[in-house]
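> One structure is given below, represented as structure tokens, and several questions about it will come after.
The values are calculated or read from the model by the stated rules, or taken from the named source; none is laboratory data. The structure displayed is predicted, hence computed values, not measured ones. No Cβ is skipped: glycine too gets one built from the backbone with ideal geometry, and neighbour counts run over all protein chains shown.
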Amino acid sequence: MTAWDHEHEARFEQLGRFFMGTSDVHDALARITKRFAELEIPYAVCGGMALNAHGYRRATTDVDLVVTADGLEQFKAQSLGLGWLEKFPGSRGVKDTGNRVKIDFLVSGGIPGDGKARGVVFPDPVEVAVDINGKKFVSLGKLIEMKLASGLSSPDRPRDFDDVIQLIRANQLGEHFAEPLHPYVQPKYRELWGYAQNPSDLPE
């Protein structure tokens with residue numbers, strides 16, 4: 001067996017573990033959310049792990065959390081060196097040293113995508129968190145809003161738009177779901193909603 005074969009087999013094994021819920025990413029998620037709960041710091045899981053929690057099964061290699069600036073500061077002050085290390089001094093991200101999984105923090109008030117103000121910002125986790133299986137996740141509406149804002153400002157991230165299409169399908173969302181979203185992203189939601197109705201693209 002070649003080195004390429006071994007690498008391919010390892011990746012296939014990791015993918016299987018992910019969809020069984022036993023991957024290193026799942027363990028890293030469980031550890032970081034438990035730590036935030038112990039410290040009573042508000043958080044909301046977003047990114048790929050939130051997609052899975054809201055019904056769209058897609059593998060991911062890292063963990064993303066929405067936190068406040070104060071919450072991130074408190075976490076670092078009381079947790080660095082206890083299984084988490086900064087990517088570099090002052091970084092908003094850390095690494096779970098046991099699982100070798102990256103954890104990125106999106107700070108409330110920050111701007112998705114290219115960082116240019118268009119009205120959509122990373123939310124306060126207290127305002128958007130929903131409990132799913134004992135962990136706090138960004139609500140479905142806010143997750144879609146963030147994905148749309150990121151995709152609109154970053155043309156090199158078409159996957160954000162596909163994620164929205166798959167969330168629409170997985171949750172059987174209607175076109176009216178756009179109404180509570182920020183006006184900046186409403187037209188794109190309606191456009192993607194239309195694409196999501198295409199039966200030729202529906203999963204079997």
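> I need the full set of residues from region 107-163 which are more than 26 Å from Gly90 (Cβ to Cβ) and in contact with a Gly (Cβ under 6 Å, 6 or more places away or on another chain), in order please.
Asp160, Phe161
> Looking only at helices (runs of 4 or more DSSP H) that fall completely inside region 125-182, which ones have 2 or more residues that are within 16 Å of Leu51 (Cα to Cα)?
On the way: elements: 125-128, 140-153, 158-171.
Ranges flagged: 140-153, 158-171.
> Now a separate question. When both residues are 6+ apart or on different chains and their Cβ atoms are under 8 Å apart, which pairs have a first residue that lies in region 88-101 and is in contact (Cβ under 8 Å) with a residue 60 or more places away in the chain, and a second that is in a loop (DSSP other than H, G, I, E, B)?
Asp96/Gly83; Gly98/Gly83; Val101/Thr61
> Follow-up. Could you go through region 110-121 and let me know if any residue there is in contact (Cβ under 8 Å) with a residue 24 or more places away in the chain and not in a loop (DSSP other than H, G, I, E, B).
Within region 110-121 (the criterion being in contact (Cβ under 8 Å) with a residue 24 or more places away in the chain and not in a loop (DSSP other than H, G, I, E, B)), the answer is no, since none of the residues qualifies.
> Which residues, taken from region 183-204, are in contact with a helix residue (DSSP H, G or I) (Cβ under 8 Å, 6 or more places away or on another chain), in a loop (DSSP other than H, G, I, E, B) and closer than 17 Å to Val120 by Cα?
Correct list: Tyr184, Val185.
> Can you list the helices (runs of 4 or more DSSP H) lying wholly within region 1-109 that have 2 or more residues being modelled with pLDDT of 95 or more? Talk me through it step by step, then tell me what you get.
Values: elements: 3-20, 24-38, 47-53, 69-79.
Output list reads 24-38, 47-53, 69-79.
> Hey, among Asp70, Asp64, Asp24, which residue is touching a Lys or Arg at 6+ places or on another chain (Cβ under 8 Å) and not hydrophobic (A, V, I, L, M, F, W, C)? Walk me through how you get there before you give the answer.
Working: Asp70 fails: touching a Lys or Arg at 6+ places or on another chain (Cβ under 8 Å); Asp64 fails: touching a Lys or Arg at 6+ places or on another chain (Cβ under 8 Å).
Of the residues listed, the single one that is touching a Lys or Arg at 6+ places or on another chain (Cβ under 8 Å) and not hydrophobic (A, V, I, L, M, F, W, C) is Asp24.
> Continuing with this model, one more query. Tally up the residues in region 166-194 that are surrounded by 14 or more Cβ atoms within 10 Å (Cβ to Cβ) and either in contact (Cβ under 8 Å) with a residue 24 or more places away in the chain or farther than 19 Å from Ser150 by Cα (or both), please.
16
> Turning to a different aspect of this structure: Out of all the residues in region 101-109, is one or more touching a helix residue (DSSP H, G or I) at 6+ places or on another chain (Cβ under 9 Å), surrounded by 19 or more Cβ atoms within 10 Å (Cβ to Cβ), under 29 Å from Leu80 (Cβ atoms) and of a type outside the set (A, V, I, L, M, F, W, C)? I'd like the intermediate steps shown before the answer.
Kept after step one, since they are touching a helix residue (DSSP H, G or I) at 6+ places or on another chain (Cβ under 9 Å), are these residues of region 101-109: 101-109.
Now narrow it down to the ones that are surrounded by 19 or more Cβ atoms within 10 Å (Cβ to Cβ): 101, 103, 105-106, 108.
Now restrict to residues that are under 29 Å from Leu80 (Cβ atoms): 101, 103, 105-106, 108.
From the residues that got through so far, the ones that are of a type outside the set (A, V, I, L, M, F, W, C) too are 108.
Yes, some residue in region 101-109 is touching a helix residue (DSSP H, G or I) at 6+ places or on another chain (Cβ under 9 Å), surrounded by 19 or more Cβ atoms within 10 Å (Cβ to Cβ), under 29 Å from Leu80 (Cβ atoms) and of a type outside the set (A, V, I, L, M, F, W, C).
> Working carefully through the options Gly141, Gly194, Gly174, find the one that is within 30 Å of Glu40 (Cβ to Cβ) and at pLDDT 95 or above.
Gly141
> For a quick check of your reading of the model, give me the residue pairs whose first member lies in region 33-52 and is in contact (Cβ under 8 Å) with a residue 24 or more places away in the chain, whose second is among the basic types (Lys, Arg) and surrounded by fewer than 20 Cβ atoms within 10 Å (Cβ to Cβ), with beta-carbon atoms closer than 9 Å and at least 6 apart or on different chains.
Ile41/Arg35; Leu51/Arg57; Leu51/Arg58
> Tell me, yes or no, whether region 149-164 has at least one residue that is on the phi > 0 side of the Ramachandran plot, touching a residue at least 24 places away in the same chain (Cβ under 8 Å) and of a type outside the set (Asp, Glu). Spell out the reasoning first.
Going residue by residue through region 149-164, those that are on the phi > 0 side of the Ramachandran plot are none.
No, the conditions are met nowhere in region 149-164.
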